[in-house]
Structures are given as structure tokens and as C-alpha cells.
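Before any comments, here is the structure.
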């Protein structure tokens, strides 16, 4: 088995926001080390700590493991697994933990690594701390940032979903796959859980359908921010009102400080703007309806960049293409004049939120009713 530079180092730390990728990569390295040396001297230490005292105990266990010689000879392997006190949370930021980690880092600098390998897996680590700098200097650090920050997260989620279905000898319909990506969002761990549920639900059936995904897969936290816009895009007033109520509860309960009523309006304006753009690209024949995200992305790759707006806010090629893929499907249910009117409604609601003393919930509910309260059958006849 070939050994990469990172796995050859006696000290390796795998860390980052992408918990799924961190665990997967750490497991890969651990298995490779085990294959290279079949000796039985190995220890897996759970490194989660919710308090300062627990962090001290975890470090004491790690010290003891490092200082204990291999009983069977050969190489001793230690996995300090899922460490939770290297980041910026309350426990990690405590002066006592910071000092203890700095002292441990000094010990690692003079430690003799002959016959010992240490693997540390953790969440996001604070790069400013001496512990991180020491590990990075004397060992190897691999970081896995949040998938949400990557432009191609939808492609990675889709590819991983297909891999897991095929590994189980099953398939998934194109529209079901698109819905699964939208509901899970940029979260590989959640994807793994949801695919497992779908596979169990399928039984002897060979392929998951859209109905299966709608029945079993809830909106994950990372995808919840798209839920209101998707309900509007689908022209589903009952769902939009229900999602709005959930969003307002999150805002007023202070669960997520980054969300606000005005932010909901801005999000809906961006959604309607994207629907308008995809409607126009569809009318001009620049893009065609597609249930397959990969084929849609291929269409986008063939578009002359000069034919699209220079401003990134209006350009589906400038960011993640998945929202544009979803909007292309949804815009078929809208007439151009209805989208223009929806933009007017949202702009009016924006002004009211800023200048009037009306209740924010009433303003937002009224905007949704004004946009989506048209008779759907009448809208369908016009299409």
C-alpha cells in the first residue's frame, strides 16, 4: 500500500468544520497505519470534552498512552478521536485549557517518535494557538472546511449520494436526487443518514422515487435557509406560510442571531430575481429544462459569460449553480408578469418593514398571500 506524505508522518491531525470528511479521512489513515503494521499495540481514545475537567482528563489519558511503551513490540498507534477542545468554544477558550494545551505542545516538540504514531481528529481548530502551530510544524495537518463554502457542494453531495446508492445496488430517480440534494444541503453526514433511511425504506424496490424523498427526508439545518424561497418558487402558499412561521420563531427566540425579518425579504427578493433570470434564459433558448443536475451544469458551462450580468448577484455562474438549477424547474410555473408583480410586492414589504410600525409577521404573511394567493388552476391555464 502506498504511503502518502501525510500518513507517513508520526503525528497527523485531521480537523475542520466538515465532520463527515474529517471522520472519513481519519478512518482512512488509521486503517492504512493498521495495514502497514499488524501489531496489536493500538489505542483509540475518545477525546470529546464538555468541561475543563474533562479536557484535563482527556489530555492525561493521551500523555499516558504516549509514554507507555508498545507491549507487543513494533509500532504503537494512538487515535485521539473527535477532540472537541481545540477550537473557539467556551471550553477551548478557557485559560486553563489553553495553558494545558500549550504545555502539551512543548512536550510534543521533544517527544521521541520512534515506534509511536499519533492521529488526532477534531472539529475546527484555532490556528492561532501554539498547539496547532506545533502540530503543523512537527507533523502533518489536514483541514476540511465547511462544504457550504465550496462552490461545487451540490455536485459533491450528488456524487456521494449516487455512490452510496450504487454501493447498495440501488438507484435513485433524477428528480428524487435533485430533491434529496436540496433538502440535505451541504452536509455529508446528514446525507449519509438520509440515504441509509431511504435504502431501508426501499426494501426490495430497485430505485428511490421523489415521493420517497418527500416522505422521509426533512429539511436539514443547513438547507433550512432555502426553504422559504423554495416554497415561493413552487408557488405553494400553505407551505410558504408554515415555513415563514418557523423562521419567525427562530428569529424571535434568538436561536440564530444571523437571521432577521429583513433578511427573509432580501432572501425572497434574490429568489424571485433568480426565477426571472432563469425564465428569460429559458425563453431565449440558452438553457433547457433538465432533471439532471450534471446536464444542467454542462449547459451553464456552455454559456458565453458575456451574455450574463457582470454583477455576481444576478449571475448564476458566479456562485453555486444548484439554486439556478432549482429555479429553472420552478420558473415553468410562473408567468413573467406574475414574477414582476411578486418583485413589486416584496419591495413594498421591504419599505413597510423599515418605515412602518406594523407587525413584521403581518407584513411578511401579507406579502406571501399577495404573491402566491392566485388560483393555481388559473395560473396553469395561462402557462
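The values are calculated or read from the model by the stated rules, or taken from the named source; none is laboratory data. These numbers were taken from a predicted model, which means no experiment stands behind them. Here Cβ is always computed from backbone atoms with ideal geometry, including for glycine, and neighbour counts include all displayed protein chains.
Just a few scattered comments:
- Given (1) touching a helix residue (DSSP H, G or I) at 6+ places or on another chain (Cβ under 9 Å); (2) buried (at least 17 other Cβ atoms within 10 Å of the Cβ); (3) in the same structural domain as residue 45 (by TED's automatic domain parsing); (4) at pLDDT below 90, index of the condition residue 157 fails: (3)
- Residue within the range 257-266 that is at pLDDT below 80 and either surrounded by fewer than 13 Cβ atoms within 10 Å (Cβ to Cβ) or under 19 Å from residue 372 (Cα atoms) (or both) present: yes
- Filtering 199, 244, 237 for residues that are surrounded by 14 or more Cβ atoms within 10 Å (Cβ to Cβ) and outside the structural domain of residue 324 (by TED's automatic domain parsing) leaves a single hit, 199.
- Of the helices (runs of 4 or more DSSP H) that lie entirely inside the range 77-152, those containing 3 or more residues that are under 30 Å from residue 185 (Cα atoms) and outside the structural domain of residue 323 (by TED's automatic domain parsing) span 90-93.
- Within the range 90-145, considering residues that are under 20 Å from residue 53 (Cβ atoms) and in contact (Cβ under 8 Å) with a residue 60 or more places away in the chain, the one surrounded by the most Cβ atoms within 10 Å (Cβ to Cβ): 122
- Condition broken by residue 63, with the remaining ones in (1) modelled with pLDDT of 90 or more; (2) in contact with a helix residue (DSSP H, G or I) (Cβ under 8 Å, 6 or more places away or on another chain); (3) surrounded by 16 or more Cβ atoms within 10 Å (Cβ to Cβ) satisfied: (3)
- Checklist (1) modelled with pLDDT of 85 or more; (2) outside the structural domain of residue 99 (by TED's automatic domain parsing); (3) surrounded by 19 or more Cβ atoms within 10 Å (Cβ to Cβ); (4) more than 19 Å from residue 18 (Cα to Cα) applied to residue 168, failing item: (3)
- Verdict on residue 62 being part of a helix (DSSP H, G or I), in contact with a strand residue (DSSP E or B) (Cβ under 9 Å, 6 or more places away or on another chain) and assigned by TED's automatic domain parsing to the domain that holds residue 12: yes
- Some residue of the range 334-348 being more than 30 Å from residue 288 (Cβ to Cβ), assigned to a loop (DSSP other than H, G, I, E, B) and free of Cβ contacts under 8 Å to residues at least 40 places away in the same chain: no
- Counted residues, the range 347-373 - those being under 30 Å from the mean Cα position of the chain (by Cα) and more than 20 Å from residue 235 (Cβ to Cβ): 3
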